[in-house]
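A short write-up of the structure that comes next.
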Amino acid sequence: MQPRKIGVVGTGYVGLVGGVCLADFGNRVINVDIDEDKITRLNNGEVPIYEPGLKEVMQKVVGKGMIEFTTDFKYTVENSEVLFIAVGTPPREDGSADLKHVLTVARDIGRHMNGYKVVVDKSTVPVGTGQLVKSTIQEELHKRGVDFEFDVVSNPEFLREGKAVSDFYSPDRVVIGGESEKALNIMKEVYRELNDREVPFLFTNIETAEIIKYASNAFLATKISFINEISRICEGLNANVNDVAKGMGLDARISPQFLQAGCGFGGSCFPKDTKALVHIARANGFPMAIVEAAIKANEEQKMHMVKKIEENLGGVKGKTIGVLGLSFKPETDDMREAPSLTIIPALIKSGAKIKAYCPEGMKEASWRLADYADNIDYQEGPYQVMEEADALVLLTEWDQFKNLDLARVKSLLKGQSFFDFRNVYLPDQVEREGLDYFGVGITRENRDVIGYLKQAYGTSVSGVE
Ligand code: NAD
């Protein structure tokens, strides 16, 4: 079978990973971007994002001549039969998804179309975007006075940053929304590698595929906010959220995934996709109270962390706080909506100075936190952030922060408070070294549960008196 000719528009986390992996599936791929610097770096063999395993696959497919990188959009369209749109859909001020990049690409496809094409929307987009892409392309063809057949398909991406390559090779499912059998058969060929391995394929209409993506992300974000709210009750009532999550997660209907309490969700997807879904729902007259509450709980969780630090240190004015981890999760340099971008500025506004280290996030952090640069000292390693610091805060659970030499931590810190906002350590393990441990949803104080019950139910509660 002849390799399919594929154009992938965008060389970000989705476009580059998708382009490289589709080339490894045996397709001929042209990866196009407007960012000249990125394309130059890619053509020099450099991977512009941090994503484990990506460099190796990229070298392999470049070596085999299965992928090329370009800024030439006309060349890409004219030489591809399938065009993936994988550009950003950032949030606008009102929370709705900004479709300007997607629609620019649609217009450019219409301008250069030279025969039948399948236009695949891989960006996360609101319901109705597939039809908008179709009418935008049609308008351009009309302006040119030409009439080429084309199909629009929605193929949302579910990869996780940090595991993007393995997720692309072994997805839980491939969702394809379309209207023509011809396009769906071409998509099956594009993904023949996954089809052969019996990865579940779900074929739907375009609108259903578009909403599957938003519903999935909103559900996962809600699950995180749920356990974070439970963690706050645990703190008040002498319970341990890790054990609560374990007790819940052993129920197969619940599952232990996305049930780890922490300092709030972030990243390029959950915050913007939940806001976009809320916007879509409101605009259509069906407000989604649950998703709105999940967003609010997430904002509160980040500020709850700030409060926890301030309360336990008796204020942070003039104090130095060491921060481990800046990226929104481990194994990525992505800083979009990372909890650190809320927690660090809040601490600085309260008078703290920050010493920070992150294995991959510091370059991104330095411009995203540029307004606070005078109060942030970036360090070269984890132990440097502790030197002379009044407290240590673990914000992202990178592997290298999971086995800290706690005796060394104690000897380097000026203070003795260790805020573990990813519940990586056990309280006893930390306190044995003479440090004070503060996790999320794990209280070391023996709270007055009986007193609470009396207050809530009166003295007649059985077993209380
Ligand atoms: P990104 O910002 O990392 O990359 C987008 C790329 O598109 C950039 O390199 C940009 O220069 C390029 N671009 C913008 N306009 C262009 C144009 N007109 N022509 C060519 N290139 C153009 O974005 P991302 O994280 O890869 O996300 C892309 C889409 O995929 C978004 O809709 C996102 O919600 C969705 N998504 C992201 C993830 C993730 O984990 N990052 C996962 C699933 C889905």
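FYI, it's all coordinate maths here, none of it is from the lab. If you're wondering where the values come from, they're calculated on a predicted model, not measured in any experiment. Glycine also receives a Cβ, built like all others from the backbone with ideal geometry; neighbour counts cover every protein chain displayed.
The value of relative contact order for region 1-155, using C-alpha pairs under 8 Å at least six residues apart, is 22 percent. What nm value, rounded to one decimal, do you get for the distance between K246 and D428 when each label is placed 7 Å out toward the C-beta? Result for the modelled spin labels: 1.2 nm. Note on S170, S180: ascending count of other Cβ atoms within 10 Å places them as S170, S180, the fewest first. Across region 37-153, Cα-Cα distances exceeding 17 Å account for 62% of all pairs.
With 22 Å as the limit, the listed pairs K5/K117; K275/K308; K100/K122; K5/K74; K100/K329; K64/K163 have K275/K308; K100/K329; K64/K163 beyond it between alpha carbons.
For L202 and Y116, what is the calculated FRET efficiency with R₀ set at 35 Å and r taken between the beta-carbons, to the nearest 0.05? Please report the intermediate quantities before stating the final value.
Working: r = 25 Å, r/R0 = 0.70.
Between L202 and Y116 the formula returns 0.90.
The spacing between region 54-86 and region 384-438, judged by their C-alpha centroids, is 45 Å.
Please compute the volume of the convex hull spanned by the alpha-carbon atoms of the chain and report it per residue in Å³. Please list the in-between numbers first.
On the way: hull volume 79.7 nm³, N = 465.
Each residue corresponds to 171 Å³ of Cα convex hull volume.
Reachable lysines from K410, Cα under 18 Å, same-chain residues fewer than 8 places away excluded? In chain and number order, the partners are K319, K355, K402.
Equivalent ellipsoid semi-axes for region 89-132, as square roots of 5 times the alpha carbon gyration tensor eigenvalues: give them largest first, rounded to whole Å.
Output for region 89-132: semi-axes of 23, 11, 7 Å.
Available extension along the chain between K5 and S180 is 61.1 nm, counting 0.36 nm per residue and deducting the alpha carbon span. Peptide packing for 433-440, 408-415 was compared via the average number of neighbouring C-beta atoms within 10 Å per residue; ordered from the highest value, the list is 433-440, 408-415. Counted by neighbouring Cβ atoms within 10 Å, the residues D37, D108, D243, D334 run from fewest to most as D37, D243, D108, D334.
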